[in-house]
Amino acid sequence: MKGTQAKSQLNIPAELVPRHVGIIMDGNGRWAQKRLMPRTFGHRAGMEAFKEIVRATDDFGIEALTVYALSSENWSRPKEEVSALMGLLQEYFLSQIDELHRQGVRIRVIGDGSRAPLAARQALERAQELTRNNTGLKLTVAFGYGARMEIVGAARELCRRVARGEISPDEVDEQAFEGHLYTHGLPPLDVIIRTGGEMRLSNFLLYQAAYAEFVFVDTLWPDFDRRAYASAIESFAARDRRFGGLMARSKE
Ligand code: FPP
């Protein structure tokens, strides 16, 4: 898409469109509470927002989207809430998979979802399997995910490879390390958007965020629509990314 206007409603040149966006979808509970409704009502509305954002990501010409659907800490929420979230995830993948597949979306699920009910795991497994050869939007769903766990896992795997004599300690460099992260093969993370007004990473993509920009918005996730998304991306595009150097990236 370089050098051309992206097929999008974004008000920025195509070369400033991020390749990889991460989103922390926060605020479902508060959105529901404001309406005197149970938190699960907010999660359902959150799923509708998610559908719109996935479509918009494709329309904006963004190559990869990684979303935080469930953190490793979220398992400790009340059983009914966790179970409602599992149900929604399953519903999303069962109802949307054909459309996603038609659009060429490639789905990857990262994290430890082993505590999820079998039906939810099967829906996620099927979605990954069906779309594995697709070459369109790379949609990664972090589910039962924690960045520390991911980093420790990568370190452990490299230790094992050293112990087996497959590589020497000197070969453990950034490239080798990144090859053992869940996100290997995805483009570098350009920006993390967090909705819901909090300004923290909550154990999301800690390694990958080294040179990512952060855009924090007050909008609660169910209200985060295509227009709010476009404005978050435009705010990212206005940043001077220097990657530790002195030269601002050209915005021409
Ligand atoms: C955080 O809001 C959100 C979650 C823990 C779950 C995110 C889930 C969805 C957006 C719906 C389903 C998703 C998919 C991928 C189909 P919160 O509950 O922490 O909100 P609060 O901070 O207002 O309490």
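What the table below lists for this structure:
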{"item": "Sole residue being crowded, with 17+ Cβ neighbours inside 10 Å, on the phi > 0 side of the Ramachandran plot and in contact (Cβ under 8 Å) with a residue 24 or more places away in the chain, chosen from GLY27, GLY42, GLY22", "result": "GLY27"}
{"item": "Hey, ASN74 of a type outside the set (Ser, Thr, Tyr), at pLDDT 95 or above and out of contact with any Phe, Trp or Tyr (no Cβ under 7 Å at 6 or more places or on another chain) or not", "result": "no"}
{"item": "Complete set of residues in the stretch 194-241 that are part of a loop (DSSP other than H, G, I, E, B), under 26 Å from ASN74 (Cα atoms) and away from the ligand (no atom under 16 Å from the Cβ)", "result": "LEU206, TYR207, ALA212"}
{"item": "Filtered residues of the stretch 70-85 (kept if over 25 Å from ASP58 (Cα atoms) and out of contact with any Asp or Glu (no Cβ under 8 Å at 6 or more places or on another chain))", "result": "GLU73, ASN74, TRP75, SER76, ARG77, PRO78, LYS79, GLU80, GLU81, VAL82, SER83, ALA84"}
{"item": "Residue check for LEU186: more than 20 Å from ARG239 (Cα to Cα) and not β-branched (Val, Ile, Thr)", "result": "yes"}
{"item": "Yes/no for ARG121 being without any contact (Cβ under 8 Å) to a residue 12 or more places away in the chain and touching a Ser or Thr at 6+ places or on another chain (Cβ under 9 Å)", "result": "yes"}
{"item": "Residue ID - farthest from the chain's Cα centre (by Cα), chosen from residues in the stretch 187-230 that are over 24 Å from GLN9 (Cβ atoms) and crowded, with 21+ Cβ neighbours inside 10 Å", "result": "GLN208"}
{"item": "Tabulated pairs, the stretch 192-220, first of a type in the set (Lys, Arg), second not in a loop (DSSP other than H, G, I, E, B), C-beta under 6 angstrom, 6+ apart or interchain", "result": "ARG194/ILE24; ARG194/PHE216"}
{"item": "Condition broken by CYS159, with the remaining ones in (1) within 16 Å of the ligand (Cβ to nearest atom); (2) farther than 20 Å from LYS51 by Cα satisfied", "result": "(1)"}
{"item": "Pairs with Cβ under 8 Å, 6+ apart, first in the stretch 68-97 and touching a residue at least 60 places away in the same chain (Cβ under 8 Å), second acidic (Asp, Glu) and more than 8 Å from the ligand (Cβ to nearest atom)", "result": "SER72/ASP112"}
{"item": "Whichever residue in the stretch 128-152 is small (Gly, Ala, Ser) and within 22 Å of GLY61 (Cα to Cα) and, among such residues, is farthest from the ligand (Cβ to nearest atom)", "result": "GLY136"}
{"item": "Residues located in the stretch 75-128, provided they are in contact with a strand residue (DSSP E or B) (Cβ under 6 Å, 6 or more places away or on another chain) and of a type in the set (S, T, N, Q)", "result": "GLN128"}
{"item": "Selected residue [surrounded by 14 or more Cβ atoms within 10 Å (Cβ to Cβ) and farther than 24 Å from SER71 by Cβ] from VAL141, VAL172, VAL105", "result": "VAL172"}
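The values are calculated or read from the model by the stated rules, or taken from the named source; none is laboratory data. All values derive from a computational prediction rather than experimental measurement. All Cβ positions, even for glycine, are placed from backbone atoms using ideal geometry, and neighbour counts span all protein chains on display.
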